[in-house]
Amino acid sequence: MILSTPLTKEKLINLKAGDLVYLSGTIYTMRDQAHKKIIALINKNQPLPFDIENSVIYYVGPTPTKPGEIIGSCGPTSSYRMDSFIEPLLQLGLSATIGKGERSLKVIELLKKHKTVHFSAVGGVAAYLNQFVIDSELVAFKELQSESIKKLIVKNFPLFVTYDIYGNDIFKK
């Protein structure tokens, strides 16, 4: 299935756990440290560096970019590490997350409640995944280096639906 961002709720209703998806459009990189800073901004009612509604967050910390390349290797990090940060983002209308591995039962229930999906990018192929990134731009928290927030433009980025909006789970198939 081919999908493009922004990922509105209408685009998510036909996705099922286990589906292969090719995603094109804008996604944002965030790992632990960037999540902490975003949650602090939310808690202080301060402006965010990008609009969370209908957006996609990729749990990745790209390696340094080599000369002539758009981005370094960009494989997913373990999703469970972001579980404690997800609820405020879902409340702001986050549509999808990308990572690897399982999420907690609480997060699976939150995804279902907010009609949000979680995708898995295949781990171990980070150097391969960078070919699907056609643009990369620093958005916030430059001081975090690889954990800064970047806006990536991707084309046909290969993903699997891990958890769909109905609570189905690829790990339980």
Please go through the stretch 139-155 and pick out each residue that is out of contact with any Ser or Thr (no Cβ under 6 Å at 6 or more places or on another chain) and either surrounded by fewer than 15 Cβ atoms within 10 Å (Cβ to Cβ) or in a helix (DSSP H, G or I) (or both). 143, 144, 145, 146, 147
Is there a residue being closer than 23 Å to residue 24 by Cβ, open to solvent by 50 Å² or more (accessible area, probe 1.4 Å), out of contact with any strand residue (DSSP E or B) (no Cβ under 9 Å at 6 or more places or on another chain) and outside any helix (DSSP H, G or I) anywhere in the stretch 107-119? yes
Please state which one of 89, 23 is within 13 Å of the chain's Cα centre (by Cα), more than 20 Å from residue 140 (Cα to Cα) and of a type outside the set (Lys, Arg). 23
Is it the case that the stretch 135-156 has a residue that's touching a residue at least 40 places away in the same chain (Cβ under 8 Å), acidic (Asp, Glu) and touching a strand residue (DSSP E or B) at 6+ places or on another chain (Cβ under 7 Å)? yes
If only one of 15, 41, 7 is at pLDDT 95 or above, open to solvent by less than 10 Å² (accessible area, probe 1.4 Å) and more than 15 Å from the chain's Cα centre (by Cα), which one is it? 15
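Which helices (runs of 4 or more DSSP H) does the stretch 1-99 wholly contain that include 3 or more residues that are within 26 Å of residue 125 (Cβ to Cβ) and touching a residue at least 12 places away in the same chain (Cβ under 8 Å)? Even if it seems obvious, please write down each step before you answer.
Working: elements: 9-12, 32-43, 86-91.
Of the helices (runs of 4 or more DSSP H) lying wholly inside the stretch 1-99, those with at least 3 residues that are within 26 Å of residue 125 (Cβ to Cβ) and touching a residue at least 12 places away in the same chain (Cβ under 8 Å) span 32-43.
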Select from the stretch 50-104 the residues that are at positive phi and out of contact with any strand residue (DSSP E or B) (no Cβ under 8 Å at 6 or more places or on another chain) and write down the one among them that is least open to solvent (accessible area, probe 1.4 Å). 93
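The values are calculated or read from the model by the stated rules, or taken from the named source; none is laboratory data. Owing to the predicted nature of the structure, the values given are computational and were not obtained by experimental measurement. Methodologically, a virtual Cβ is constructed for each residue, glycine included, from the backbone with ideal geometry; neighbour enumeration extends over all protein chains shown. Accessible surface is based on the protein model in full, side chains and every heavy atom, while ligands, DNA and RNA are left aside. Shrake-Rupley method; radii C 1.70, N 1.55, O 1.52, S 1.80 Å.
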